[in-house]
Amino acid sequence: MRLVPRPRVNRLGLSLFALYCVGYAIFVLAAAFGTFEGGAAKGGLAGEAVAGLSWGVVGGFGLIIGAFVLAVLYALLARDAEGEK
């Protein structure tokens with residue numbers, strides 16, 4: 001096990017985390033300000049998207065899948081960075 005700091009891998013991880021945080025913030029802002037009108041769910045993420053599911057559900061699953069994709073991307077890119085010495 002290697003305990004030496006790896007600045008490139010650490011920077012990569014923080015960059016991908018920041019990317020996910022931006023996506024999540026956009027989702028939360030859309031839910032908070034674009035979905036409710038007068039206390040009732042109207043438009044925005046409450047609208048129907050696919051197969052009777054709302055955009056909120058589709059977007060939530062998109063965030064989960066996106067997190068998995070970013071984790072796989074990190075694993076691939078971090079392994080390549082480890083190989084370079």
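The values are calculated or read from the model by the stated rules, or taken from the named source; none is laboratory data. Keep in mind that this is a model prediction, so the values were computed, not measured. No Cβ is skipped: glycine too gets one built from the backbone with ideal geometry, and neighbour counts run over all protein chains shown.
Any residue at all in region 34-54 that's part of a helix (DSSP H, G or I), at pLDDT 75 or above and surrounded by 10 or more Cβ atoms within 10 Å (Cβ to Cβ)? Taking every residue of region 34-54 in turn, none turns out to be part of a helix (DSSP H, G or I), at pLDDT 75 or above and surrounded by 10 or more Cβ atoms within 10 Å (Cβ to Cβ).
Could you list, in sequence order, the residues of region 55-72 that are modelled with pLDDT of 90 or more and touching a helix residue (DSSP H, G or I) at 6+ places or on another chain (Cβ under 7 Å)? Matches in region 55-72: Leu63, Gly66, Ala67, Leu70.
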